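Colleague: Input: one structure, supplied below.
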Amino acid sequence: MRQTFEEIWSGVASLLGLAVFVVVMWMIAKTHARMWRRVSTRYGEREKLPSVAAKLETIVIAQRGALKPFDANAQYTTYAGTILSVAESGLRLSLVPIPPLNLMAPALFLPFDEMTLDRTSWALWPDPFAVRMKHLPDIDIILGRKTVEWIRSRTDRSPFGWDI
């Protein structure tokens with residue numbers, strides 16, 4: 001009887017531990033993808049278009065506006081491991097397939113004709129740029145200067161078709 005109880009207890013404890021792990025990982029994935037999902041509501045990729053070139057990059061998706069020091073409500077997320085692809089009509093962004101961080105972050109497609117590119121400031125990045133989308137008036141997608149130069153070497157479509 002005691003051995004049966006110990007086996008049942010061991011099974012229940014293992015299931016409880018697994019449930020706690022799954023919930024924690026789900027919360028991490030949801031928190032990590034928060035800003036990405038805000039963009040995907042409007043610019044989620046509808047179909048996969050062939051790309052001219054692709055590169056692994058770090059981007060930031062941030063609430064537009066100046067951040068205040070020690071602001072606990074600052075809304076931004078850094079996405080290291082973003083695959084940035086240049087297509088004929090826009091940029092495709094997807095996260096490297098590493099679960100759980102990519103589970104709630106569907107691929108994005110940012111059309112060039114709805115995009116503007118403006119200089120901005122971000123952390124200690126040297127001369128970053130903000131991609132601003134027509135249907136996301138409160139969000140910036142921040143790219144490094146070298147990333148913008150790389151995109152410009154692959155396309156001449158506006159807003160990338162002019163000198164920095």
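The numbers here are math on the coordinates, done by the rules we state, and not lab data. All values derive from a computational prediction rather than experimental measurement. All Cβ positions, glycine included, derive from the backbone under ideal geometry; neighbour counts span all protein chains shown.
Colleague: How many residues does the range 102-111 contain that are touching a helix residue (DSSP H, G or I) at 6+ places or on another chain (Cβ under 6 Å) and under 14 Å from Ile59 (Cβ atoms)?
Modeller: 3
Colleague: Scan the range 141-151 and tell me whether some residue there is over 20 Å from His32 (Cβ atoms), aromatic (Phe, Trp, Tyr) and part of a loop (DSSP other than H, G, I, E, B).
Modeller: No - not one qualifying residue is present in the range 141-151.
Colleague: Just checking, how many residues over the range 1-50 are farther than 28 Å from Ser89 by Cα and assigned to a loop (DSSP other than H, G, I, E, B)?
Modeller: Total meeting the criteria: 1.
Colleague: Given the residues Thr31, Thr77, which is the only one that is touching a helix residue (DSSP H, G or I) at 6+ places or on another chain (Cβ under 6 Å), without any contact (Cβ under 8 Å) to a residue 60 or more places away in the chain and among the polar types (S, T, N, Q)?
Modeller: Sole residue among the options that is touching a helix residue (DSSP H, G or I) at 6+ places or on another chain (Cβ under 6 Å), without any contact (Cβ under 8 Å) to a residue 60 or more places away in the chain and among the polar types (S, T, N, Q): Thr77.
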